[in-house]
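First up is the structure itself, then whatever we jot down about it.
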Amino acid sequence: PASSPPLPSGCPEGEEFLAKENIRVGLLFASKALVQLMVNPSVGLLTNRIGYHIPMFIGFVIMFLSTVMFAFSGTYTLLFIARALQGIGSSFSSVAGLGMLASVYTDDFERGNAMGIALGGLALGVLIGAPFGSVMYEFVGKSSPFLVLAFLALLDGALQLCILQPSKISPESTKGTPVFTLLRDPYILVAAGALCFSNMGVAMLEPTLPIWMMQTMCSPKWQLGMAFLPASVSYLIGTNLFGILANKMGRWLCSLIGMAVVGISLLCVPLAKNIYGLIGPNGGLGFAIGMVDSSMMPIMGYLVDLRHTSVYGNVYAIADVAFCMGFAIGPSTGGAIVRAIGFPWLMIIIGVVNIAYAPLCLYLRNPPAKEEKIAILSQECPMRTKSYTTQKTLRDFPLTDDSDVEADNAE
């Protein structure tokens, strides 16, 4: 069937069933990201309070529970709950993990490399996930992939306990910039938008591409996961390569090119006639998203260093929110759009959005430092009053439960 796909009507599953399925699968995919969206800001605040180690460990425990739940869920509702739990776990792990990296690697170049490797790890998961899941499902059984994952999660927890020793709680000595202040920073918003739109492409593909493949290519089940293999392999290469290269060529340029390539690759997806035709577009897509992610994550840390207080919980909460926005809006609207105007049009829309957004990355070429930072440097500046007022509002609301800590610090 790979050489000449028969007409869609020749495919086993009913059209109507698949169209309905599109929306249900989309919602299931999106539920994790939606929950993650809601939990992220509070995780950012929590890491500012108690450091990064404990939230990371909490994340592992929740992930373990959700994975075991996936293995034994028989109904859509239970799967939905497991998926939402997974979102909470992811939120704890990713915000705390990226924040920890940013605070350990203060040098901009090293930070870029470290985040490239960390995102590569994320990619490795996405990379092995779909193919491994679809092959295990077909040849071993429904719960097998989840049980293997649960075991790996236990291993990860044990490693965290050995290496990170969560007992040492160190609250941040400086108060972090509040999320809303960061959200009003146009440069952080441009970076967040780039993360959101570039990942939305893949997020829309995940639930809709397999169903489109069943309809037009009559693909067997194991092929559905394999279609994402080129994307994941190239994402792995992209993040590791550009973790280092982005710093040399300019991170803004790297993400600008990345977003343009994301758009072009998405436009090419519907042109594929069989699974081999998907190798090019999906490969390009993964590589380009790798370029955007590995240049945007360090930019986020750099912007906070340059324009705000160097505490990273909140800014990586925002980065993760942007990431999840893509993965929440993508699948939930993707299924509905496919039903309304068809899969090729969905790809054209999101592709064009990415190409149109790319030039905005020019703003990140050399973002200015914040007035406060300049004010401190050049002692006679009208902005100084402003800098104190922001400090004041910062201190106002945490005083209630942190007053004792503050008293200790004062002594």
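The values are calculated or read from the model by the stated rules, or taken from the named source; none is laboratory data. This is a predicted model, so every value here is computed, not measured. Cβ sites come from the backbone with ideal geometry, for glycine too, and all protein chains shown count toward neighbours. SASA here: full protein model, heavy atoms, side chains in, ligands and nucleic acids out. Shrake-Rupley method; radii C 1.70, N 1.55, O 1.52, S 1.80 Å.
Within region 85-144, work out how many residues are outside any helix (DSSP H, G or I) and under 23 Å from Pro55 (Cβ atoms).
Final tally of qualifying residues: 2.
When we screen Leu267, Leu256 for residues that are surrounded by fewer than 24 Cβ atoms within 10 Å (Cβ to Cβ), modelled with pLDDT of 90 or more and either over 14 Å from Ile350 (Cβ atoms) or not hydrophobic (A, V, I, L, M, F, W, C) (or both), the only hit is Leu256. Somewhere in region 234-251, is a residue of a type in the set (Lys, Arg), open to solvent by 40 Å² or more (accessible area, probe 1.4 Å), in contact with a helix residue (DSSP H, G or I) (Cβ under 9 Å, 6 or more places away or on another chain) and touching a residue at least 12 places away in the same chain (Cβ under 8 Å)? No - not one qualifying residue is present in region 234-251.
Restricting region 225-240 to residues that are within 12 Å of Asp293 (Cβ to Cβ) and not aromatic (Phe, Trp, Tyr), the residue that is modelled with the highest pLDDT is Gly238.
Filtering region 270-303 down to residues that are touching an Asp or Glu at 6+ places or on another chain (Cβ under 9 Å) and buried (at least 24 other Cβ atoms within 10 Å of the Cβ), which residue is nearest to Gly120 (Cα to Cα)? Among those that are touching an Asp or Glu at 6+ places or on another chain (Cβ under 9 Å) and buried (at least 24 other Cβ atoms within 10 Å of the Cβ), it is Pro298.
Within region 92-104, is even one residue surrounded by fewer than 16 Cβ atoms within 10 Å (Cβ to Cβ) and at pLDDT 80 or above? Within region 92-104, one or more residues are surrounded by fewer than 16 Cβ atoms within 10 Å (Cβ to Cβ) and at pLDDT 80 or above. Return yes when Ala114 is modelled with pLDDT of 80 or more, open to solvent by less than 80 Å² (accessible area, probe 1.4 Å), among the hydrophobic types (A, V, I, L, M, F, W, C) and in contact with a Leu (Cβ under 9 Å, 6 or more places away or on another chain) and no when it is not. Taking the combined requirement at face value, the residue satisfies it. A Cβ distance below 9 Å, combined with a sequence gap of six or more or placement on separate chains, defines the contacts here; from region 314-325, residues that are without any contact (Cβ under 8 Å) to a residue 24 or more places away in the chain and within 16 Å of Met200 (Cα to Cα) reach no residue that is open to solvent by 10 Å² or more (accessible area, probe 1.4 Å) and not aliphatic (A, V, I, L, M).
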